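To start, the structure itself, in structure tokens.
The values are calculated or read from the model by the stated rules, or taken from the named source; none is laboratory data. Since this is a predicted model, take the numbers as computed values, not measurements. All Cβ positions, even for glycine, are placed from backbone atoms using ideal geometry, and neighbour counts span all protein chains on display.
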Amino acid sequence: MTPRIREMRYSLYLMRKSALALVGLAMVIFVIIVALAAPYLATPPNPREPMTIPKDFAQPKPPGAEGHIMGTGTYGSDIYYGVVWGARTSIYVALFVVLVAAIIGIVLGAVAGYYGGWIDEMLMRITDIFLALPALILAMAIVAILPRSPDPMKSLENIMLALTLVWWPPYARLIRGQVLSIRENVYVEAAKAVGATRSRILFRHIVPNSLAPMLVQITMDIGVVVLVAAGLSFIGFGVPPGSAEWGRMVSDGHNYFIGTVYYQGVAYNPWWIWVFPGLFIFIFVMGFNLLGDGLRDILDPRLRR
């Protein structure tokens, strides 16, 4: 473990020297803190529950009106509640999709690259079929096929399932290329010489040494998943209206991009409906992109020395 600990310490040292990586890490930590503290920052009503649209349709109110810090939305929903609880929703969706897709891709890609032959051909042709289809269109088709539900959590599960099914092929391709390169190294031959089994060589020696580019890809994909999930919600394939999900909130306010509402006789353009959730989407995605760029520089062997 001594060499691994030494490398980890050196990676942390390089991280401290990367200003962009630190900025990205700070943005990610900010969103995570908001998500973890959601029950304390935004008390009930619970935005995870389906929202009942009031009979007396409420006009959006500007920030500060009647105690609403970020104003209200199209159904009288509090934007502040939606933004805070939406952080938890977005992190949950992104982590689930990326981690499950990465596990599927790592297992299939590693097996294909190490064993080769007909196993490699079969797995890679299946991967090519998924890569040949537009990912967003395929995700929309899967969500459309799945049964719709007024329950926001059920709708989120449909989105996560659809995104997971279209997200694993790039990971399989990436890890396969790494395995094809690493399996020819001397230490792999040494492990074979001492009688190590194929599965032990693959998952104990080859896969751990192939994960550096995967870690960078996973970090950057977390932000991309949030964008795609928000896009699905924006075009109507996501959670029901009034739910605490950033893409759904932006969709709720798209009718007001150019428009006017009146509050106490004063005309407002209700920019707050989409600006605040859009700002948090930007912080979340930009944070993980900057962090991923920093990790790429840190983990690249050519740039470490």
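Among the residues making up the range 144-161, a single one is touching a residue at least 40 places away in the same chain (Cβ under 8 Å) and more than 19 Å from ALA244 (Cα to Cα): ALA144.
For first residues located in the range 239-251 and farther than 21 Å from LEU146 by Cα and surrounded by fewer than 22 Cβ atoms within 10 Å (Cβ to Cβ), partners that are at pLDDT 70 or above and of a type in the set (Phe, Trp, Tyr) and lie 6+ apart or on another chain with Cβ distances below 9 Å form the pairs VAL250/PHE234; VAL250/TRP274. Among the residues of the range 31-67, those that are at pLDDT 75 or above, out of contact with any helix residue (DSSP H, G or I) (no Cβ under 7 Å at 6 or more places or on another chain) and not aliphatic (A, V, I, L, M) comprise PRO39, TYR40, LYS61, GLY64.
Which number in (1) in contact with a Leu (Cβ under 9 Å, 6 or more places away or on another chain); (2) crowded, with 18+ Cβ neighbours inside 10 Å; (3) at pLDDT 80 or above marks the one condition that ILE273 misses? Here ILE273 clears every test but (1). Check the range 201-208 and report whether any residue there is touching a residue at least 24 places away in the same chain (Cβ under 8 Å), touching a helix residue (DSSP H, G or I) at 6+ places or on another chain (Cβ under 6 Å) and aromatic (Phe, Trp, Tyr). The answer is no, given that none of the residues of the range 201-208 is touching a residue at least 24 places away in the same chain (Cβ under 8 Å), touching a helix residue (DSSP H, G or I) at 6+ places or on another chain (Cβ under 6 Å) and aromatic (Phe, Trp, Tyr). Being modelled with pLDDT of 80 or more and either touching a helix residue (DSSP H, G or I) at 6+ places or on another chain (Cβ under 7 Å) or among the hydroxyl-bearing types (Ser, Thr, Tyr) (or both) holds for only one residue in VAL239, VAL225, and it is VAL225.
If I go through the range 147-182 residue by residue, how many of them are at pLDDT 80 or above and either surrounded by 18 or more Cβ atoms within 10 Å (Cβ to Cβ) or of a type in the set (A, V, I, L, M) (or both)? Quick ask: steps written out before the conclusion?
Narrowing the range 147-182 to residues at pLDDT 80 or above: 156-182.
Within this subset, residues satisfying the condition of being either surrounded by 18 or more Cβ atoms within 10 Å (Cβ to Cβ) or of a type in the set (A, V, I, L, M) (or both) are 156, 158-176, 178-180, 182.
Of the residues in that region, 24 qualify.
Go through the range 170-198 and give me each residue that's under 22 Å from THR127 (Cα atoms) and free of Cβ contacts under 8 Å to residues at least 12 places away in the same chain.
Going residue by residue through the range 170-198, those that are under 22 Å from THR127 (Cα atoms) are 170-183.
Once the filter is applied, which keeps residues that are under 22 Å from THR127 (Cα atoms) and free of Cβ contacts under 8 Å to residues at least 12 places away in the same chain, the range 170-198 yields only SER181.
Considering the range 177-214, and only residues there that are not in a helix (DSSP H, G or I) and not polar (S, T, N, Q), the residue that is farthest from TYR114 (Cα to Cα) turns out to be VAL194.
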